[in-house]
1. Just checking, which of Ser4, Ser57 is in contact with a strand residue (DSSP E or B) (Cβ under 6 Å, 6 or more places away or on another chain) and at pLDDT below 95?
2. Quick one: which residue in Ala100, Ala134 is of a type in the set (Gly, Ala, Ser) and at pLDDT 95 or above?
3. Can you pull out every residue in the stretch 19-38 that is assigned to a helix (DSSP H, G or I) and buried (at least 20 other Cβ atoms within 10 Å of the Cβ)?
4. Taking the stretch 151-187 on its own, how many of its residues are buried (at least 23 other Cβ atoms within 10 Å of the Cβ) and either touching a His at 6+ places or on another chain (Cβ under 8 Å) or of a type in the set (D, E, K, R) (or both)?
5. Scan the stretch 39-73 for residues that are hydrophobic (A, V, I, L, M, F, W, C), more than 23 Å from Asn107 (Cα to Cα) and assigned to a loop (DSSP other than H, G, I, E, B) and report the count.
6. Restricting the first residue to the stretch 237-253 and requiring it to be at positive phi, which pairs with a second residue that is crowded, with 22+ Cβ neighbours inside 10 Å and of a type outside the set (A, V, I, L, M) meet a Cβ separation below 7 Å and a spacing of at least six or different chains?
7. What's the total number of residues in the stretch 209-233 that are surrounded by fewer than 18 Cβ atoms within 10 Å (Cβ to Cβ) and over 30 Å from Glu55 (Cβ atoms)?
8. Limited to the stretch 162-206, what total is found for residues that are assigned to a strand (DSSP E or B), in contact with a Leu (Cβ under 9 Å, 6 or more places away or on another chain) and either over 30 Å from Pro137 (Cβ atoms) or not hydroxyl-bearing (Ser, Thr, Tyr) (or both)?
Amino acid sequence: MGSSDDAPQMAVRYLDTATAYDLWSEVYDTDNNFLQALDSIEMQSLLPKLVSALEQSLPKPWKVVDLGCGTGRNTVHIVTLPDVAEIFALDLSPKMLDIARKRLENNTTAVPSNKKITFQVYDALKPSNTATTATPPDDADAVISTLVVEHVPLKQYFSAAAGMLKTGGLVLLTNMHSEMGKISQAGFVDPKTGEKIRPQSYAHTIDDVAAVARENGFEVAQEVEERMVTEENHTMLGPRAKKWIGVKVWYGGILRKV
């Protein structure tokens, strides 16, 4: 969900992830987050790869979970896929979820009338049905989860994802690269206070992701790819990308529940 770039001598306030993203929601789509920009570029190829993998293994129509949907950046593209009939848009932050819901409501011309979209507050660390956390489906064909797992311990993440998927179901996962995560972490500057706000974050390596995924019944379906900020691509990612030239900042791939 997030990106990061530290400012020297800036006060930092650490908050639980839900509270941090509730605050972040006010500027999330306008604060020139270069990691989101890179992720959106990579999703242009990853999403078709997911569709191709689904076509080869699972019957249509499909049910998809947008896990950690944020402000609906990916949801607006998922609903346009012709063979996706039902979407569950889940997020820990109620305010992010409200923005996602409004985003879809305002895109009625792009959302086919036969699509069923359910928005739910969901906490992967408290997956059971409670007053504040809804129970997601347990028979989804795919889970799409971008820039999310950095905020969740891997064991809990893959346990939750496995519980949502039918056998043969797929997870499309992207994340902040651990090379970037070891230097910094997700966060934003609160325009009201000038403070750097940071949620709970983890620097998960690709090897760790693959190992814990296997422990929870997943295999790699599409090779995990890494991306670095370079002299060639940093300008299209925005001004905040320049300081990260030469650093791997992103990885993503597709896993299958076996």
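1. Being in contact with a strand residue (DSSP E or B) (Cβ under 6 Å, 6 or more places away or on another chain) and at pLDDT below 95 holds for just one of Ser4, Ser57, which is Ser57.
2. Sole residue among the options that is of a type in the set (Gly, Ala, Ser) and at pLDDT 95 or above: Ala100.
3. Restricting attention to the stretch 19-38, the residues satisfying the condition of being assigned to a helix (DSSP H, G or I) are 19-24, 34-38.
Ala20, Tyr21, Leu23, Trp24, Phe34, Leu35, Gln36, Leu38, listed by residue number.
4. So the count comes out to 2.
5. Residues that pass the stated criteria total 1.
6. So the pair list comes out as Gly238/Phe34.
7. Matching residues across the stretch 209-233 total 5.
8. Matching residues across the stretch 162-206 total 12.
The values are calculated or read from the model by the stated rules, or taken from the named source; none is laboratory data. As the structure is a prediction and not an experimental result, all values here were calculated from the model. So basically every Cβ, Gly included, is an ideal-geometry build from the backbone, and we count neighbours across all protein chains shown.
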